[in-house]
1. B:Gln110's amide H: which non-local residues (gap 5+, or another chain) put their own amide H closer than 5 Å, with H modeled 1.01 Å from N in plane and none for Pro or chain starts?
2. With a sphere of radius 13 Å drawn around the Cβ of B:Arg313, what net charge do the other residues whose Cβ falls strictly inside it have (Lys, Arg +1; Asp, Glu -1)?
3. How long is the gain from B:Val35 to B:Arg58 if the chain were fully straight, where each residue apart is worth 0.36 nm and the alpha carbon distance is subtracted?
4. With n ≥ 4 as the cut-off for DSSP H runs, can you work out [θ] at 222 nm for the protein assembly as shown, using -39500 (n - 2.57) per run divided by the number of residues, rounded to the nearest 500?
5. Using modelled amide H (1.01 Å from N, peptide plane; none on Pro or chain starts), what sits under 5 Å from the amide H of B:Glu281, excluding residues fewer than 5 places away?
6. Calculate, for B:Asp372 and B:Asp200, the FRET efficiency according to 1/(1 + (r/R0)^6) with r their C-beta to C-beta distance and R0 30 Å; round to the nearest 0.05.
7. Using a/c under 1.5 as the rounded threshold, could you call the stretch B:295-401 rounded, prolate or oblate? The axes a ≥ b ≥ c are square roots of the C-alpha gyration tensor eigenvalues, and prolate needs a/b larger than b/c, oblate otherwise.
8. Other chains' Cβ within 10 Å of A:58-64 residues: what's the mean?
Amino acid sequence: MSSASLPRPWLLLSLLALLLSAAAGASAQAPATVEPTRQQALLRMVRQDCGACHGMQLTGGLGPAITAQALAEGERSPELVFATIWYGRPGTPMPPWRGLLSEAEARWMSAQLLAGLPALNGGPR
Amino acid sequence: MKRRAFVSGAAASAVALPLLGGCAATPSIQPADPVGSGDLGLVVERASGSLAVVNTSRPAVLGRIEGLGDLSHASIVYARDGARGFVFGRDGALTRVNLLTRRIEARVQQAGNSIGGAISQDGTLVAAQNYQPGGVKVFDARTLALVADIPALDAQGKRSRVVGLADLPGRRFIYSLFDADAICIADLSDPQSPRVTRLDGIGRQPYDALLTPDGRHYIAGLFGEDGLALVDLWAERPQVQRVLGGYGRGQQPLPVYKMPHLRGWAVAGREAWLPAIGHHEVLVADTTSWAEVGRVAVAGQPVFVMAQPDGRRVWVNFALPDYHKVQVIDVPTRRVVHGFEPGRAVLHLEFTPRGEAVWISARDDNRVLVVDTASWRTLATLDVRSPSGIFFTARAARVGL
């Protein structure tokens, strides 16, 4: 029932991400290179798997908070967020995710984080 | 025949009260037959902030307790009555729930970011280990009133995240400081003035720890180096000994997409079975000499390495991208004797109190599998929303859980 109605919100989201990353001066590749179904999987991955350390609400845990607000307060640029995902942070538990993501996916993910993920259970974005 | 009827009637009354009405043969007119808690448990529904109350004798979800906030990485310890659970939420909330009434009894927002907790040997104190602000807070188990606030500090006086908290005999708690490379023992025999013994220089970045079933050895896994930190708590002056140093020597460690968990019983017979961080291996150490006596190649990076209650086999799940698999290692022969794929994103496994079955949470399939540990058959599949940790009330009677 939901599969037919799903693409629309994701299309809007990716457009939003495109606008926002453009506004933030991102050198990101076009987020359009990430298929809508894959985008859904990536958003789930952020909540669930990144959430293992950063918290499902992204408010932090073993890893720091990575909500849009926290990233803005820390003045994290799109390039820095992407590089952190892609290369990891040596000396910390943050692993390089390039084994599991394409570069376009990592850039799309960083744009999503900076723009704020769709809210979950009314929690912080 | 007579005996049969009696047995089934007794089973029904032990499971759930409402069934009694249907037992015409039972002459009991007692309105509230006592119900035990020994075959109950809780499964964390991490995405919806709820707990599924389950029965382990007749695998079923009995009901839900809702409204617990952010339960990603939530963990639970039990009061000695086995009816009450203390839930440590990611968002720093500590909640006491009652499995029989399926209600929240008490709840405090005790920190900004928490990762787990422990209950004292005598059941009077509950301790929470916090990331933010880094430290341990101790509460009265009855009222959840704050009893002691023990900050965790590094050498510069900066707060450290706390991991690997466990209870020790005599109202003591032991824990590790991720950012300060230390192990602390807090003695709350006088709760008003806790005394903290600190062991420094234990190795870089302890990430989790376990207490052996006898309460004698505390073992902290190290993220920052190959090896583990061991403390013999029966020693007059407990000291840290480095064990299994350099287990990954000569091998390039793999990216660690999920930290292994040490808590849980990874001790089988005379051996401790431990995850090798950054490697597709389980390490085997002798618990007398603490020397490595073997290692077993497995299908991915281990997250939980759990011994069956009888210690005969060890079950292993994995970090992504291999977290759809589970493998079983035979302890005497140290061989993988079984492997299967219970579902997508297997996060946790828990044995029934005597080990005839294991419950396995498959987060992305929204289900919990109940698997027979002798035949490997799937006994039941339960609908549970985004399940993560599974906690059975038998933990109430065990030190270190």
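1. Answer set, sorted by chain and number: B:Ala93, B:Leu94.
2. On the way: positive: B:Arg312, B:Arg334, B:Arg335; negative: B:Glu271, B:Asp310, B:Asp330, B:Glu356, B:Asp372.
Result for the neighbourhood of B:Arg313: -2.
3. 6.8 nm
4. One gets -4000 deg cm²/dmol as the mean residue ellipticity at 222 nm.
5. Correct list: B:Ala276, B:Val298.
6. Numbers: r = 47 Å, r/R0 = 1.56.
The pair B:Asp372/B:Asp200 has a calculated efficiency of 0.05.
7. rounded
8. Working: counts 1, 8, 5, 10, 11, 1, 1.
If you average over the peptide's residues, the count of other-chain Cβ atoms is 5.
Laboratory data are not the source of any read-out in this text; all were calculated from the coordinates shown. Please read these numbers as outputs of a predicted model, since none were measured by experiment. All Cβ positions, glycine included, derive from the backbone under ideal geometry; neighbour counts span all protein chains shown.
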